[in-house]
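The values are calculated or read from the model by the stated rules, or taken from the named source; none is laboratory data. Since we're looking at a predicted model, the values are computed, not measured. With ideal geometry, Cβ positions are generated from the backbone for all residues, glycine too; neighbour counts draw on all protein chains shown. The area values use the complete protein model at the heavy-atom level, side chains included, leaving out ligands, DNA and RNA. Shrake-Rupley method; radii C 1.70, N 1.55, O 1.52, S 1.80 Å.
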Amino acid sequence: MGQLRIPGPTPCPPEVLQAMAGQMINHRGPEFGEMLQDITARLKQLFQTKNDLYLLTCSGTGGLEAAIVNTLSPGDRVLSVTVGVFGERFTGMAEEFGAEVIPLRFEYGQTADPDEIRRALQKEPEIKAVMVAHNETSTGVTNDLAAISAVVKEFDKLLLVDAISSMGSIDLPVDKWHCDVTVTASQKGWMVPPGLAMVSVSQEAWQAHARARMPRFNWDFARAQKYLEIGQTPWTPAVSIVFGLSVALDMMLKEGLSNIFARHARVGDAAREGVKSLGMSLFPDEKYASNTVTAVSVRDGMDVKEMLKILREEYQIVLAGGQQSLQGKIFRIGHLGLITEEDIKEIISALKEVLPRVSA
Ligand SMILES: *Cc1c(COP(=O)(O)O)cnc(C)c1O
């Protein structure tokens, strides 16, 4: 028993943990080179892309920063579509680097409306890029990225996607949906500890890169490309996490993309049905509810802090609270990566026992 069910870090399979216990190797030697080329090729399959793809040693936020500094210049106008805390982080980052950010905010619990994105792009023809989170982990919502992308590409804008909590768990065909930079991170659906971001880069993103003037060094895609050609990363990578990722990718490709997506859909359904069976409400509209994280509204008179504590101490089940303005208003069940419907059943049974103890 015992489950870590926050939306990252997520549990790792024993095979992955074992691989990570391996002795260090030369990160500029042939063994690492082969592994890096092989991982890159396999990640492209999972991203459903022929675009370039790089491993960066950082958490997801570093990958988002890379998306910004490699494609934009100070003063560039960007439309930042946000439906939650992570959308706000992406927005703030672009502002910090000097972009002129036009935020397009939707109420927490809602998805982004493609028609409003169209109106915003019509109003501001100077916009260079659109930034959006595919799956907003703070509210448990999945945006309709296919529809958003169609609008963004009507106007020929660059599309920068935070896919940190969706890629590898929820269908996101990068090439089909014309995502120019797509970012994910190892500790979410990949069943690997934190430490690596994975980023895909389209031809259009490379054209933007050639003109982009934001300062970049650690995150420079050109440096990543130059070194990948010789089977290396520009700087020392998180070698152990790379070992783990290699094994996790074997497992994922063996299961198959469509099976992985179907499993997350089943698990998401089980979580939503389970929560409702306890008389609780989902925070977002169920139509948009994410298959990687379920956000549950806290009822009046319910002590959510105590609930999380009892689950943690008596059941060894760790769930997540709400972030920022959502603190005390929701709690979240992370269900991405190494997860089955059985795991969800266990969580719902525990909640069933604990809820009466923390309700007024
Ligand atoms: C987890 C997450 C992030 C932040 O990733 P870090 O690895 O903590 O930097 C950003 N966006 C989304 C949607 C996430 O789920």
Ellipsoid semi-axes in whole angstrom, largest first, where each is sqrt(5λ) of the Cα gyration tensor of the chain: 33, 27, 16
Where GluC sites (Glu not before Pro) fall in DSSP loop in the stretch 65-127, at most 11 other Cβ within 10 Å: GLU107, GLU126
Cleavage-rule hits, chymotrypsin sites (Phe, Trp or Tyr not before Pro), the stretch 88-184, DSSP coil, Cβ neighbours within 10 Å at most 16: PHE155
Exposure rule at most 13 other beta-carbon atoms within 10 Å, DSSP loop trypsin sites (Lys or Arg not before Pro): the chain longest free segment: 214-360
Size of charge dipole - the stretch 14-254 - debye, nearest 20, with Cβ of Lys, Arg +1 and Asp, Glu -1, no other charges: 380
Centroid-to-centroid separation of the stretch 265-329 and the stretch 178-232 [C-alpha atoms, Å]: 33
Per-pair calculated FRET efficiency, R0 = 30 Å: ASP175 and GLU31 via Cβ, rounded to 0.05: 0.45
For the stretch 14-254: lysine pairs under 25 Å (alpha-carbon distance), excluding those fewer than 8 apart on one chain: 23
Whole-percent carbon and sulfur share, accessible surface of the chain, 1.4 Å: 50
Per DSSP, loop GluC sites (Glu not before Pro) in the stretch 199-287 with at most 14 further Cβ within 10 Å: GLU229
Label-zone membership for the stretch 73-114, site ALA147, 7 angstrom Cα→C-beta point, backbone N under 13 Å: 110-114
In Å, descending, principal axis extents of the Cα set of the stretch 164-224: 35, 28, 15
Computed label-point distance, nm, for sites GLU126 and ASP156 using a 7 Å Cα→Cβ extension: 1.9
Estimated FRET transfer efficiency (LEU253, GLU100; beta-carbon r; R0 41 Å; 0.05): 0.45
Mean accessible surface per residue for the stretch 27-131, computed with a 1.4 Å probe while every protein chain stays in place, in Å²: 41
